[in-house]
Amino acid sequence: MSSPTHTTSSNTPEYLTHEEYQNRSRKLAELRSLGIEPYPNQFNPTLTLEEVRKQYESQPLGHSEEAAAGTTPTVKIAGRLILFRSMGKNAFAHIQDDHTRIQIMFNNEHTHLEGYTPQTAPDGQNVVSAYKVIEKKIDLGDIIGIEGNLFFTNKGELTLYAKKVTLLCKTLLPLADKHSGLTDKELRYRKRWLDLITNPEIHQVFRVRSQILSLIRQYMSDQRFMEVETPVLQSTYGGAEARPFTTKLNALNQEMFLRISLEIPLKKLLIGGIERVFEMGKVFRNEGIDRSHNPEFTLLEAYAAYWDYNDMMAFVENLYQMLALKLFGTTELQVPLPGKDEFVTIDVKAPWKRMSMKESLRHYAQLDVDSLSDEALHRLLADSGEIDPKKINSLSRGLMIAALFEIHVEKHLIQPHHITDHPIETTPLCKLHRDPEQRMQGIVERFESFILCGEACNSYTELNDPELQRSLFDEQTRRRDKGDEEAAPSDEEFLEAICQGMPPAGGVGIGIDRLVMLFTQAHSIRDVLFFPWMKPQTE
């Protein structure tokens, strides 16, 4: 199927010139001339197609003769016509609603079409029945409503004998080819509505996504968290290291930013006395696009007064465990390995393996970074070929350790891991480690959870020391002045807020799209977003 988005030089959409579009437009005019309203305001099905199947598939309904006589159950349904086969005085078709299909039988004598009065054919002899109008003027893709009687065919297929048909929407563009289907991945992402029509199994992915969001909200409620909404437009962005999208507030002639994180406003509410608070919403980061990144994505952030990162580790484990049990009845999941055509079994049952970042480097990369000088760390990064040599020169010791972790360890973290105790340079919003020796080395109480070699969540024991917070923001500012576009600006309003006193707290951020990828066996983040960002089409 060709894409209907290209335009001609006169800015007229190309699809308007397609023969199929013109044929359907002509049929639309003919239907109207016959007194048929092709776009009625309302139709009230008595059952969905799934409900029809559940309710009647196991009942002894009888055959077409009983249905024709009206002695079998009567139902009123609606759906999109996706198959039509004419067989003389009868025609068999399939219609599809949300994700279910059912067979329909149209009959030359008993099927009527809403708004149509049978007319004499041009030959003056025969009568043009409603059945013939349906056969000639209704196309695949049209949405119809049907009232009739259920029966089983000789092959045992549940079928509706159509007594009254109502055209609900005349379509002007065809569906994908009925044999090859809609197989082009890019076209499926770009035109998700066609993907949903042509590949009804995709509905299940988004049904699971919706279920996951509901389960998460219930879990948060059970843990006494209050859900809130905070501004998407911000005058100062922060809470993560990422480049923002910028815009302008015309009313105040002010530069504004789409939020890159939910952290700062949620912490202000924590200061205000909401002791357990969370938000699940869109955030925006003006950076790369790949199998696990989209410029806008859904983030869950939660903060709990008087918790620390150990409490948050248990909180995250239990969330994943709950989701697996509710969705599948087991904590063992068969999931695809990133970038490979093979599956692996992972177990999200709590507790998960815990390692400090330095321990993971010793275990998976045989690197004892405490015994290596800054020069040795620099050489290791340079030899890896994974980082621009110019960027290596600007990295502090802590950031070099974090970079070595990304290069040498992350690829081993297939089963769920909590990687704890990160260098302070990785975040300006986290509390220094309570262990004096770790504190002296600049280690903070932060963990990231990894599953299938990718980050699943990020969590801190939250920093609430206003003086240390200011100094860390100042360091971020120095990095920005040196050209680091991902370093966030200092937030003076937030510094004022924590001067009012923020209780000790644990916080966590979980990427919902990646979580959904795990539970739906998706290979790409685009598979779990209705409308992922796509490069503009060219002529």
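Tell me, please, whether a residue that is among the basic types (Lys, Arg), farther than 21 Å from GLU301 by Cα and open to solvent by 10 Å² or more (accessible area, probe 1.4 Å) can be found in segment 480-496.
To start, the set of residues in segment 480-496 that are among the basic types (Lys, Arg) comprises 480, 482.
Cutting the leftovers down to farther than 21 Å from GLU301 by Cα gives us 480, 482.
Next, only the ones that are open to solvent by 10 Å² or more (accessible area, probe 1.4 Å) stay: 480, 482.
Yes; the residues of segment 480-496 include at least one that is among the basic types (Lys, Arg), farther than 21 Å from GLU301 by Cα and open to solvent by 10 Å² or more (accessible area, probe 1.4 Å).
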Inset, instruction - Answer yes or no as to whether PHE225 is in contact (Cβ under 8 Å) with a residue 24 or more places away in the chain and either at positive phi or touching a Lys or Arg at 6+ places or on another chain (Cβ under 7 Å) (or both). - result: yes
Inset, instruction - Filter segment 309-346 down to the residues that are more than 28 Å from ILE443 (Cβ to Cβ) and among the small types (Gly, Ala, Ser), then identify the one that is least open to solvent (accessible area, probe 1.4 Å). - result: ALA324
Inset, instruction - Taking only segment 380-405 into account, find how many residues are in a helix (DSSP H, G or I), of a type in the set (D, E, K, R) and loosely packed, with under 13 Cβ neighbours inside 10 Å. - result: 3
Legend entry - Listing of helices (runs of 4 or more DSSP H) fully contained in segment 6-86 that carry 1 or more residues being under 15 Å from GLU147 (Cα atoms): 49-56, 64-69
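Quick check on segment 497-513: of everything there that is part of a helix (DSSP H, G or I) and either more than 10 Å from the chain's Cα centre (by Cα) or at pLDDT below 95 (or both), which residue is surrounded by the fewest Cβ atoms within 10 Å (Cβ to Cβ)? Explain how you work it out, then say what you get.
At the first step, the residues of segment 497-513 found to be part of a helix (DSSP H, G or I) are 497-499, 512-513.
Then drop every residue that is not either more than 10 Å from the chain's Cα centre (by Cα) or at pLDDT below 95 (or both), which leaves 497-499.
Numbers: ALA497: 20, ILE498: 20, CYS499: 13.
Result: CYS499.
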Legend entry - Unique residue being over 17 Å from LEU175 (Cβ atoms) and either touching a residue at least 12 places away in the same chain (Cβ under 8 Å) or touching a Leu at 6+ places or on another chain (Cβ under 8 Å) (or both) when the list is SER25, SER64: SER64
Legend entry - Of all residues making up segment 269-278, the number that are under 19 Å from ASN458 (Cα atoms) and open to solvent by 10 Å² or more (accessible area, probe 1.4 Å): 1
Inset, instruction - Select the helices (runs of 4 or more DSSP H) contained entirely in segment 97-205, then report the ones holding at least 1 residues which are open to solvent by less than 10 Å² (accessible area, probe 1.4 Å) and of a type outside the set (Lys, Arg). - result: 130-137, 192-198
Inset, instruction - Among the residues of segment 347-366, write down those that are in a loop (DSSP other than H, G, I, E, B) and open to solvent by 60 Å² or more (accessible area, probe 1.4 Å). - result: LYS349, PRO351, GLN366
Inset, instruction - Tell me which residues, restricted to segment 477-530, are among the aromatic types (Phe, Trp, Tyr) and within 26 Å of THR246 (Cβ to Cβ). - result: PHE494, PHE530
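This table checks each residue for (1) at pLDDT 95 or above; (2) on the phi < 0 side of the Ramachandran plot; (3) among the charged types (D, E, K, R).
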residue	(1), (2), (3)
LEU249	no, yes, no
ARG276	yes, yes, yes
GLU287	no, yes, yes
ALA302	yes, yes, no
TYR306	yes, no, no
ASN310	yes, yes, no
PHE315	yes, yes, no
ALA324	yes, yes, no
PHE328	yes, yes, no
Legend entry - Residue in segment 111-130 that is β-branched (Val, Ile, Thr) and at pLDDT 95 or above present: yes
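The values are calculated or read from the model by the stated rules, or taken from the named source; none is laboratory data. Keep in mind that what you see is a predicted model, and the values were worked out from it rather than measured. We place every Cβ from the backbone using ideal geometry, glycine too, and count neighbours over all the protein chains shown. These area figures cover heavy atoms from the full protein model, side chains too; ligands, DNA and RNA do not enter into them. Shrake-Rupley method; radii C 1.70, N 1.55, O 1.52, S 1.80 Å.
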